[in-house]
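For reference, the structure is listed below as structure tokens.
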Amino acid sequence: MLEIKNLHVKIAEDDTEILKGIDLVLPKGEVHAIMGPNGSGKSTLAYVLAGKDDYEVTDGSITWNGEDITAMAPDERAVAGVFLAFQYPIEIPGVATMTFLRTSLNAVRKARGQEELSTPDFMRLVKEKAADLKISSDKLKRPLNVGFSGGEKKRQEVLQMSLLEPTLCVLDETDSGLDIDALKIVAEGVNALRSPDRATLVITHYQRLLNYIVPDKVHVLSGGRVVRTGGKELALELEETGYAEFGEEAA
């Protein structure tokens, strides 16, 4: 279970407070959505869960599987099962996609006390999972994300997530820049990972993603706080009414 208690976070460089007392509980086996207007702190929450060092936690705690991960480094959180899918995955020229995937997977397996995968076993696993996401072998031969469309980059991230098998998946506006076909493929990949041992936090502006990744609960973030929580029907309501009632600029 993910438990966030009274989480206060500021930008490390200029002391601007972004999160102002987040309280949230996400049980294993569930998918929760975070929605809210621009500037409400959605992406900041995602980055803080992953351990990005541009932010400073000034109060509160983040607990995952009963372990306080608030002060953990990003690689330690990855070993603990935390995975962040970025809103805008970056291109890394000179780093082969397959090398990146194998190095990441074996580093996590080693840290968890598991055997590293041999090259043949790794190749079989990647090809199987890539086929499910309609990622061609040509894409796997390129440098990481170089020359990829937005949809192709998001599929690559879901492939990484599928290989690493995290127990806490955080998706930061993974629908950003996707056409409807890419959205469906990415959503299918995310849904395939739903299990009683895994929790997923989906951050999005719009309800359309939640047509395909149906949440158990929806939380509205505004002004750095969770101001409302409801069932999946809350996303439909927000699609109709926007965020005006929460006193911030609509997304």
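The values are calculated or read from the model by the stated rules, or taken from the named source; none is laboratory data. Since the model is a prediction, treat every value here as computed from it, not as a measurement. Positions of Cβ are backbone-derived with ideal geometry, glycine not excepted, and every protein chain shown enters the neighbour counts.
Could you please find all residues in the stretch 56-87 being of a type in the set (V, I, T), out of contact with any Leu (no Cβ under 6 Å at 6 or more places or on another chain) and under 21 Å from E30 (Cβ atoms)?
Scanning the stretch 56-87 gives I62, T63, I69.
In the stretch 140-184, what residues are modelled with pLDDT under 90, crowded, with 17+ Cβ neighbours inside 10 Å and of a type in the set (S, T, Y)?
T174
K154 - would you say it is touching a helix residue (DSSP H, G or I) at 6+ places or on another chain (Cβ under 8 Å) and assigned to a helix (DSSP H, G or I)?
yes
For (1) modelled with pLDDT of 95 or more; (2) surrounded by 11 or more Cβ atoms within 10 Å (Cβ to Cβ); (3) of a type in the set (V, I, T), each residue gets a yes or a no:
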residue: A111; (1), (2), (3): no, yes, no
residue: T119; (1), (2), (3): no, no, yes
residue: K127; (1), (2), (3): no, yes, no
residue: I135; (1), (2), (3): no, yes, yes
residue: D138; (1), (2), (3): no, no, no
